[in-house]
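**Q** Take a look at this one; I'll ask things after.
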Amino acid sequence: MEEKSRGYRFKHTRWMLVFYDCVVLAFVIFILLILYHGNMKLEFSDILAQVCLFVVSIFPIRLVGKVYRQVWRFGGIESYIRLLITDTLAFLLCLCLEFILPVQRLAFAHLLSIFSCNLLICIAMRMMYRYSYKFSNQDTALGKFLSLLLHVFSNIETTDEKENKKIKVAIVGAGNAGVNLANDLMNNEESSYVPRCFIDVNQDKVGREINGIPVWSEDETTLKQLDIYEVQEIFFAIPSMPQKRKKELYNYYKNAGYKLKVYDYPVAYSPGNKRQLREFDIEELLFRKPIVVMDEKTYVYYKDKVVLITGGGGSIGSELCRQLAKMEPKQIIIFDIYENGAYEVQQELKFVYKNQLDLRIEIGSITHKKTLKKVFEKYHPQIVINAAAHKHVPLMESNCVEAIYNNVFGTKNLIEVCEEYHVERFMMVSTDKAVNPTNVMGATKRMCEMMIQSASTWGTVKYSATRFGNVLGSAGSVIPLFKRQIANGGPVTVTDKRIIRYFMTIPEASQLVLQSGALAKNGELFVLDMGKPVKIWDLAESMIRLSGVQNVQIIETGLRPGEKLYEELLVKTEELDRTENSLIFIERDKPLSKDQINDKLEILQQAIENEDDDKAREALRSVVPTFKRPDEVNIEMA
């Protein structure tokens, strides 16, 4: 019924416009042929013949040219060019008919004047209609007058009936992004928002209007003015705004009770980059501006390659898939034991890239070597990225056998299968918790790093590992936990008031893995310069303040098993090499021999066969020399 109603309204509007064009033509003919006819005296029959010629010339060509199929309330320059072309053709046709048919001919100048005036008024009428539609929502005398015109001449709902239902917004930023956002909101009949003003610091724009919307200075944007204009929400549309300034404005308007959103307007369009209006991410107000570490060489390296990602359905693995998809790989294979995560990534990338991306899903565990061999035989990947691992620190403390079995021996399986199927490059995702580890998870990752570096000395595959800190928004991250606790009114739980951590975003972590893999020659351990560490207590306080929720307490719960007060990124900070990217460093250890690694693996194998977590932990401590007890490290910092 709704579609039929829309179709009826469209046809009704078309024929109403034809009627108005007939009225305009009649008005022009009356003025130029009857009231002002110059030296030419025309009989009634001559005037009637000319009217018929005009109607036959103009309206059929406009219909053929689909002038009346245009939606003029959203009409751009192309719509007016179409009208100009059709009426030019109509003038030429009428001129020809004047010579062919036995009628009283009009002077060329007289005929041109009639067609020009008719075209000018028709264009002006359409522009007035478009202007009225766009600005009838303004709560001013002009806005009410325009609304009345629309209601009388086009039977469109008035502001009181329709526009007042929309949410009134102020747009911070009167640049390209802000103006595009305003146009999108005004031109979209289904939009729930209507822009009332711009807020900008550019004095060349302040005090003026853009498309009828006033531009205010930030200094003049008092809460009283926003209240007068009935602004309900504020949209940030300055992609390049410094983080510090964005945070200041966020605090100012949030404390005033306004709902805030961000308009993402990408500079370069790609299948993965779209305009969107979204809620503020607290992460972008708490940390430095995300670092972009990708470059053209990285894109070229992965183009037309077959890439297999283990753990591809996880938070890091799925982002690796998103980043890779932009580089036009030949094929991406997601290998994961958790089918729901893999399915969600598959559906997301299918929606964005349609048939442009060859994406395959294989369900299995890296601990099952036969399954791995079957997948490698089927696809013959050129690049393998290992993002599959048990990563939760406290849980792995009580499941040490499983952590060793999955993280260490799963990696061992991958190394062996990569060698057997002549993979070009193997990249492992590591963690800062592998540096002087105080927990089982970190120790297993350190063991994996040693295995990777050792394999680089005897294998045919090029190996590398990438180490980074905590990832914002990933599964198990403290940020989602704090968000849930704040939403529930608290308390927010922090294990220790002194605890500090390094943080980075998921895209940063994923880009680092991909670029370091492309840079790798063999055996490197890459580390990202992550800036200054963040105190978790301060992080909790900032999140509470930015959320606007009142009276949320923060409580200490005590360090969890295997947790230390600080994390390190490098084992030996004096042994660092720079790469082409100034943010990426290489730490070089002397790799162990294949026999030394095999001896360590034999010790771990015997330990986990007994299914005894305590014995497995001690075995892990014996094969990873830097594995320390938490109290040894924490007492140094206390």
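**Q** For Phe27, Phe426, Phe54, Phe280, which order do you get if you count the other beta carbons within 10 Å of each Cβ and list the fewest first?
**A** Least to most surrounded, the residues fall as Phe27, Phe280, Phe54, Phe426.
**Q** Which pairs, out of Lys433/Lys462; Lys261/Lys445; Lys305/Lys600; Lys297/Lys374; Lys326/Lys483, put more than 28 Å between their alpha-carbon atoms?
**A** Going by Cα-Cα distance, Lys261/Lys445; Lys305/Lys600; Lys297/Lys374; Lys326/Lys483 fall outside the 28 Å limit.
**Q** When a/c reaches 1.5 or more, the comparison of a/b and b/c decides; with that in mind, is the stretch 315-431 rounded, prolate or oblate per its Cα gyration tensor?
**A** Note, shape of the stretch 315-431 comes out oblate.
**Q** By count of other Cβ within 10 Å, fewest leading, how are Glu556, Glu362 ordered?
**A** Lowest to highest Cβ neighbour count: Glu556, Glu362.
**Q** Sticking with this one: If you rank Tyr405, Tyr36 by fewest surrounding Cβ atoms within 10 Å, what's the result?
**A** Fewest-to-most Cβ neighbours within 10 Å comes out as Tyr36, Tyr405.
**Q** If you don't mind, another one. Going by average Cβ neighbours within 10 Å, how do the peptides 55-63, 448-456, 310-318 rank, with the highest at the top?
**A** Working: 55-63: 18.0, 448-456: 23.7, 310-318: 25.7.
The densest-packed peptide leads the list: 310-318, 448-456, 55-63.
**Q** By the gyration tensor of its Cα atoms, with a ≥ b ≥ c the square roots of the eigenvalues, what is the shape of the stretch 372-517: rounded for a/c under 1.5, prolate for a/b over b/c, or oblate? Mind showing how you got there, number by number?
**A** Details: a/c = 2.24, a/b = 1.95, b/c = 1.15.
Here the stretch 372-517 falls in the prolate category.
**Q** Within 11 Å, Cβ to Cβ, of Ile334, how many net charges do the neighbouring residues add up to if Lys/Arg are +1 and Asp/Glu are -1?
**A** On the way: positive: Arg360; negative: Asp336, Glu339, Glu344, Glu362.
Summing Lys/Arg as +1 and Asp/Glu as -1 gives -3.
**Q** Sticking with this structure for a sec: Report the full-extension gain for the segment His422 to Asp577: residue separation times 0.36 nm, less the Cα-Cα distance, to one decimal in nm.
**A** 52.9 nm
**Q** Taking amide hydrogens as modeled 1.01 Å from N in the peptide plane, which residues meet the under 5 Å criterion relative to Tyr193, leaving out close sequence neighbours?
**A** When sequence neighbours closer than 5 places are left aside, the close amide H contacts are Ile167.
**Q** Right, something else. Mind running the shape call on the stretch 166-280? Use the C-alpha gyration tensor, a ≥ b ≥ c as the square roots of the eigenvalues: rounded below 1.5 for a/c, prolate if a/b tops b/c, oblate otherwise. Before the final figure, lay out the partial values.
**A** Numbers: a/c = 1.36, a/b = 1.23, b/c = 1.10.
Taking the square roots of the gyration eigenvalues as a ≥ b ≥ c, the stretch 166-280 is rounded.
**Q** Using a Förster radius of 51 Å, what is the FRET efficiency between Ala124 and Asp358 based on their Cβ-Cβ separation? Nearest 0.05, please. Mind dumping the intermediate values first?
**A** Numbers: r = 54 Å, r/R0 = 1.06.
Step by step, r from the Cβ atoms, then E = 0.40.
**Q** Please find the FRET efficiency linking Asn488 to Cys22, where r is the Cβ-Cβ separation and R0 is fixed at 45 Å, and quote it to the nearest 0.05.
**A** 0.10
Any read-out appearing in this document is the output of simple, stated calculations on the displayed coordinates, not a laboratory observation. Because the structure is predicted, anything quoted here is derived from the model rather than measured. Glycine gets a Cβ as well: all are built from the backbone with ideal geometry, and neighbour counts include every protein chain shown.
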